[in-house]
Amino acid sequence: MDRNLEERRKTILSLLNEEGKVKVVELSKRFAISEVTIRGDLDALEQEGLLERVHGGAISNYKSYYAMNFNDRMEANQEEKRRIAMEAAAMINDGDTLILGSGTTPLYVVRELKEQRNLILLTNSLSVVQEASRNPNIKFVVLLGGNFNGEYQFTSGDDAISQLSKYKADKLILSSDGVSSEFGVTTYHHMEAELNRQMIARVNKTIVVADYTKIGRADFSHISDIDQIDCIISNHNANKEEIAAFEEAGIEVRLV
């Protein structure tokens, strides 16, 4: 894909996730290109499942998920997340040091760590810490300090990044709001993206846990290109073209 085209579509998705709606006329003026070209962009992004076309523009077809609180998100697609978590837990060995990102699926993973022994966890998720405290197989937990987001129960910022730099881990369990062969791994929470990038840099293996609704989506803030990911765990009903593209890129894909 032409680089200008790719950057323009990334910007369109960013605007969409910020505002919930974009208009053809305004996008045409912003990018100084024809409305026909903008409509082509929106049509292409709709085919990828990244937005919904409406008269005169497009709306986000994922906005309702962002409006949910953490508990509501835990209930969304919970069976799919639970199966993903079981598969991720099966990849963990006794004595592993793990980094877990925030989000609901990593929390499900912690609940499935029933057989492994002497685990060490590092995380920026208060919910993960609370769940891990109930698991006798976890030796100890490091909560990365920093700016705390009370709504979604995670820390971020320079303090968290500085603390993370002191550690090295075997595996990272990373949740995301979008995993796309074109746009990479993305998140709605831009303040957490840099911490997620540093997590990837501090581990031997990065495992992205993403239910089928996240596959093929691109969100507001870029975390990493797809080639920085070692394994993606998703569901059998995930977008088949995207899954094929991941495998072609040499990524281990596990569907449950």
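Each reported figure results from applying straightforward, stated rules to the coordinates on display, with no laboratory input. This one's a predicted model, so the numbers in the text were calculated from it and none came from an experiment. Positions of Cβ are generated from backbone atoms using ideal geometry, with glycine treated the same way; all protein chains shown enter the neighbour counts.
Of note:
- Cα→Cβ-extended label distance, 7 Å offset, between Asp170 and Arg53, nm: 4.9 nm
- Computed over the range 118-256, relative contact order equals 19 percent, with contacts defined as Cα pairs under 8 Å that lie 6+ residues apart.
- The range 3-61: C-alpha gyration tensor shape, a/c 1.5 cut-off, then a/b vs b/c: rounded
- Of Lys21/Lys240; Lys23/Lys205; Lys114/Lys168; Lys81/Lys168, pairs whose Cα-Cα distance is over 31 Å: Lys23/Lys205
- Protection-proxy order for peptides 104-110, 42-48, each taking the mean of Cβ atoms within 10 Å per residue, highest first: 104-110, 42-48
- Spin-label pair Ala249/Leu5, simplified geometry with 7 Å Cα→Cβ offset, distance in nm: 1.8 nm
- Computed about its Cα centre, the charge dipole of the chain is approximately 520 debye, with only Lys, Arg, Asp and Glu carrying charge at their Cβ.
- Estimated 222 nm signal from helices in the chain, with DSSP H stretches of n ≥ 4 weighted -39500 (n - 2.57), rounded to 500: -11500 deg cm²/dmol
- In this rough spin-label picture, where each label sits 7 Å from Cα along the Cβ direction, the Lys29-Asn93 distance is 6.0 nm.
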